[in-house]
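Engineer: Below is one structure. I have some questions about it.
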Amino acid sequence: MDPARHPVVVPPPISGYQYGMPPMGAPGPVYPPSLKREYGDVESGYGHQPPLYPYIAPDENAMRWAFIRKVYTILSMQLILTAIVAGTVAFYHPVSEFLVRTPGIIIGIAFLPFIFLCPLYCYRQIFPLNLILLALFTASISFTIGIAAAFTEAKVIWESALLTAVVVVSLTLYTFWAARRGHDFSFLGPILFASLMIIIVFIIIQIFFPLGRLSHAIIGGIASLIFCGYIIYDTDNLIKRYTYDEYAWASVALYLDIINLFLSLMTLFRAVN
């Protein structure tokens, strides 16, 4: 075949090069300015947002960071609402005295979170119904916490709140650090669920057959460790697995981890003191 009469057609370059690795010293591919503005300097990696875990694409990384910020914003509003409502119930004596005189209302408030949790799960991806149900669920949980705190010393409440804040921040930072290095915590799910079921059975036994303050301290300590594990597990799910329209349910998962850790520590300190 005569090359002059039948020239060889070379395919267009791929990412600025024909095939394989670029030659030594060759310039990298040129990205459009719009892509740089949206995701930062792509040539340097991920711009101002560090990669959440290895091999994540820059566009996915940017959207994931936006999703995480949204979830933590909602979670912060939940915790603020909880502090206001629970503090009012616990420290404003007319409210706590009224609840003590009406045990039927206390029982009703205890069941309210479960009533709101079921529709919240069903409509967790539908805006704005998911946020409305989330607010009602948070308020009902806050009343329950306020009732529990009303029968607890202020010293125990502050100790539990401070230790909860330190543990949550520490475990959250650790999980983000570990995820960037390729660690995965999905294996914790079955272990934590089985441990939680065992604790629930012990609590039910404790209701009918009280075992004393030592058993309260043991249950509180073990439950605290379980919910520490759940904080790591749910934070790992937030980084890698939740879809972008499940922000309400991701907030619920982390919120329940924090609240249950606080209540477990309060049980432990109350038994010790």
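Engineer: Of all residues in the range 122-138, count the ones that are within 19 Å of Ile107 (Cβ to Cβ) and crowded, with 18+ Cβ neighbours inside 10 Å.
Structural biologist: Qualifying residue count, the range 122-138: 1.
Engineer: May I pose another question? Looking at the structure I just gave you, is Ala248 assigned to a helix (DSSP H, G or I), touching a Phe, Trp or Tyr at 6+ places or on another chain (Cβ under 9 Å), of a type in the set (Gly, Ala, Ser) and free of Cβ contacts under 8 Å to residues at least 24 places away in the same chain?
Structural biologist: Against the criterion (assigned to a helix (DSSP H, G or I), touching a Phe, Trp or Tyr at 6+ places or on another chain (Cβ under 9 Å), of a type in the set (Gly, Ala, Ser) and free of Cβ contacts under 8 Å to residues at least 24 places away in the same chain), Ala248 does not qualify.
Engineer: Can you name every residue in the range 174-204 that is among the basic types (Lys, Arg) and under 18 Å from the mean Cα position of the chain (by Cα)?
Structural biologist: Arg180
Engineer: Here's a follow-up. Which residue out of Arg101, Arg69 is free of Cβ contacts under 8 Å to residues at least 24 places away in the same chain and under 16 Å from the mean Cα position of the chain (by Cα)?
Structural biologist: Arg69
Engineer: I've got another one for you. Among the residues of the range 229-240, is any within 23 Å of the chain's Cα centre (by Cα), farther than 25 Å from Ile132 by Cα and surrounded by fewer than 16 Cβ atoms within 10 Å (Cβ to Cβ)?
Structural biologist: yes
Engineer: Let me ask something else. Go through (1) assigned to a helix (DSSP H, G or I); (2) without any contact (Cβ under 8 Å) to a residue 12 or more places away in the chain; (3) not small (Gly, Ala, Ser) one by one and return the number of the condition His183 breaks.
Structural biologist: Condition (1) is where His183 drops out.
Engineer: On to the next question. Quick check on the range 185-203. Is at least one of its residues over 28 Å from Gln49 (Cβ atoms) and not hydrophobic (A, V, I, L, M, F, W, C)?
Structural biologist: yes
Engineer: So which residues in the range 195-221 are outside any helix (DSSP H, G or I) and of a type in the set (Ser, Thr, Tyr), if there are any at all?
Structural biologist: Within the range 195-221, no residue meets the criteria.
Engineer: In this structure, does Gly229 turn out to be part of a helix (DSSP H, G or I) and more than 20 Å from Leu173 (Cβ to Cβ)?
Structural biologist: no
Engineer: Have a look at Ile157, Ile109 and point out the one that is modelled with pLDDT under 90 and closer than 27 Å to Ala217 by Cα.
Structural biologist: From the options Ile157, Ile109, the qualifying one is Ile109.
Engineer: Residue by residue through the range 205-228, note down the ones that are surrounded by 19 or more Cβ atoms within 10 Å (Cβ to Cβ) and over 20 Å from the mean Cα position of the chain (by Cα).
Structural biologist: Answer for the range 205-228, where residues must be surrounded by 19 or more Cβ atoms within 10 Å (Cβ to Cβ) and over 20 Å from the mean Cα position of the chain (by Cα): Ile219, Gly220.
The values are calculated or read from the model by the stated rules, or taken from the named source; none is laboratory data. Owing to the predicted nature of the structure, the values given are computational and were not obtained by experimental measurement. Don't worry about glycine lacking a Cβ; one is built from the backbone with ideal geometry, like all the others, and counts go over all protein chains shown.
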